[in-house]
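K.L.:
If you scroll down you'll find the structure; I have some questions about it.
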Amino acid sequence: MLDIHLIRENADIVKAGAAKKHIEVDIDRLIKVDDERKLLRQELDAKRAEQNRRSSEIQRASGSEREKLIEAMQHLKAGMAEGEERLKKVMAEWQQLMLTVPNIPDMSVPDGDSDADNVEVKKWGEPTVFDFTPKDHVELMTALGMADFERGAKVAGFRGYFLKGDGVLLANAVWQLALKHFSAKQLVPLSVPSLVRRETFLGTGYLPQGEEDLYKTQDGEYLAGTAEVAAMGYYMDEVLDPQALPVQFLGFSPCFRREAGAHGKDVRGLIRVHEFFKWEQVVLCRAEHDESVRLHDWLNRNTEEFIELLNIPYHTVVNCGGDLGLGQVKKYDIELWVPGEKTYREISSASYFHDFQTRRLNIRYRDAEGNMRFPHSLNSTAIPTPRILVSIVENYQQADGTIKVPDALVPYVGKSVIGAAA
């Protein structure tokens, strides 16, 4: 959430930012409602002051004068009740409008309508070349008993899957290597809940706009699609010790996404599933733009280094305005080479938000001058499973149908080749 004072003083900039993100928001209506909100509050404050003055007069008065004052007080209270009801309605509209105002993208964010307009800023490695006809991960993993997609759909429905045998070993190996690699960056491991209250989703900006992509329980809670949501809620409504900044978490959780807007996309295999697991980097830092920029690059580089450990070709793109979420100031995507599709596919996103999330979540700290501030927040995918298995399996397949295990994962898998005869 943006500060209403920032919105009022920079209305044209906020409008331009929304246009760059292709998000519709009525800033003029918000300012008009804010004017009404402030006027009603001033009127109520004046009536409360009048009520206090008349209460004192009533205490001093007696007889008929006291009765007249009491009658006048009753009229005043009726007017206050009416004003409070009007303010309640105005506040409801004001709060709803405030939740729709997007964060202002950084000047370096390129223009564009969708992910097709994202701009490559780095390329590492060359697309894998085979001297045989390669297979996709569905065929490879099915043949090697690493996954069962038919029974997954039978048990869990569309996009359901089972990992089994060496598929489970490979996924667990990725988790263990990720825990070692990212923990060495002084990120504190945090196992977080996936079942999270609505307030936390509102605070992180996933609601109200993203509700159709969330699973909801009968108790009004939601299943999170990233550990970011719970990790950001960890310090909700708290004042942090400034000496503790930056807070650096490595969150792990099961994740759930309805993929409501992905009908007909990636219907086979492990690219786009409803249930998965993910390590997520989450950071709170001082409310300084330069610090956010530095940590944003650092978080993204942490994941690039992990991909380089696996020796999988990738490129990094900076997301265009139309591919940014409501709260993001800037975002990088890391995309891995997928031989079966002959293209790069997203494996990680790194974003920073300034104080957009922390203002909503009421997370604060006192700066060196003693002023209360909202820290900046950032997050970045460390690594998701099972999606990462797609690139591992397809890039490391061999002519005989076996899968070479990346050297960095061999100690955790316990073998160097999957599918080789014993």
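Please treat every number below as a calculation from the coordinates, not as lab data. Predicted, not measured: the structure shown is a model, and the values here were computed from it. Neighbour counts are summed over all protein chains in view; Cβ atoms, including those assigned to glycine, are modelled from backbone coordinates with ideal geometry.
K.L.:
If the elastic network links every pair of Cα atoms under 10 Å, which of GLN398, GLN243, GLN42 fluctuates the most in the Gaussian network model of the chain?
P.N.:
Maximum fluctuation in the GNM of the chain, among the listed residues, is at GLN42.
K.L.:
Ok, one more. Go ahead and set up a Gaussian network model of the chain, Cα springs under 10 Å, then flag whichever of VAL393, VAL282, VAL129 fluctuates most.
P.N.:
The residue that fluctuates most here is VAL129.
K.L.:
Over the stretch 4-100, what relative contact order in percent results from Cα pairs under 8 Å that are six or more residues apart?
P.N.:
Details: 41 pairs, mean separation 39.2, N = 97.
About 40 percent, as a whole number.
K.L.:
If you find the alpha carbon centre of the stretch 200-272 and of the stretch 71-117, how far apart are they in angstrom?
P.N.:
Using only Cα atoms, the two centres lie 24 Å from each other.
K.L.:
Also, I was wondering about something else. How large is the charge dipole for the stretch 115-418, taken about the Cα centre, if only the Cβ atoms of Lys, Arg (+1) and Asp, Glu (-1) carry charge, to the nearest 20 debye?
P.N.:
Details: 33 positive and 42 negative charges, 99 e Å.
Dipole of the stretch 115-418, to the nearest 20 debye: 480 debye.
K.L.:
Filter the GluC sites (Glu not before Pro) in the stretch 332-387 down to the DSSP loop ones having no more than 10 other Cβ atoms within 10 Å, then list what survives. The partial results should precede the final answer.
P.N.:
Details: sites: GLU335, GLU341, GLU346, GLU369; in loops: GLU341, GLU369.
Taking the stretch 332-387 and a limit of 10 other Cβ atoms within 10 Å, the loop GluC sites (Glu not before Pro) found are GLU369.
K.L.:
A 32 angstrom limit on the alpha carbon distance is what I want to check against. Which of LYS89/LYS278; LYS20/LYS278; LYS278/LYS404; LYS154/LYS330 exceed it? Don't skip to the answer; put the middle values down first.
P.N.:
On the way: LYS89/LYS278 41 Å; LYS20/LYS278 30 Å; LYS278/LYS404 23 Å; LYS154/LYS330 40 Å.
As for pairs spanning more than 32 Å Cα to Cα, those are LYS89/LYS278; LYS154/LYS330.
K.L.:
Between helix 166-183 and the chain, what is the angle of the helix's C-alpha long axis to the longest principal axis, kept within 0 to 90° and rounded to the nearest 10?
P.N.:
For 166-183 against the chain, the angle is about 50 degrees.
K.L.:
Continuing with the same structure: Considering the options LEU170, PRO105, SER56, tell which one lies farthest towards the positive end of the dipole of the chain, charges being +1 on Lys and Arg and -1 on Asp and Glu at the Cβ, about the Cα centre.
P.N.:
SER56
K.L.:
Percent relative contact order of the chain, based on C-alpha pairs within less than 8 angstrom and at least six residues apart? Spell out each step's value before the answer.
P.N.:
Working: 771 pairs, mean separation 85.3, N = 422.
Averaging sequence separation for qualifying contacts and normalising by length gives 20 percent for the chain.
K.L.:
What do you get when you divide the Cα radius of gyration of the chain by 2.2 N^0.38 Å, with N the number of residues?
P.N.:
On the way: Rg = 27.0 Å, N = 422, 2.2 N^0.38 = 21.9 Å.
It is 1.24.
K.L.:
Just to confirm a number: summing +1 for Lys and Arg and -1 for Asp and Glu over residues other than LEU361 whose beta-carbon lies under 11 angstrom from that of LEU361, what do you get?
P.N.:
Numbers: positive: ARG359, ARG360, ARG364; negative: GLU199, ASP237, GLU238, ASP355.
Net of charged neighbours comes to -1.
K.L.:
Mean residue ellipticity at 222 nm from the helices of the chain, using -39,500 (n - 2.57) per DSSP H segment of n ≥ 4 over the full residue count, to the nearest 500 deg cm²/dmol? Can you show the working numbers first?
P.N.:
On the way: 13 runs with 176 residues, N = 422.
It comes out at -13500 deg cm²/dmol, rounded to the nearest 500.
K.L.:
In degrees, nearest 10, range 0 to 90: what is the angle between the Cα axis of helix 289-310 and the longest Cα principal axis of the chain?
P.N.:
Roughly 20 degrees, rounded to the nearest 10.
K.L.:
Rounding to the nearest 10 and keeping the result within 0 to 90°, find how far the Cα-based axis of helix 63-100 lies from the longest principal axis of the chain.
P.N.:
20
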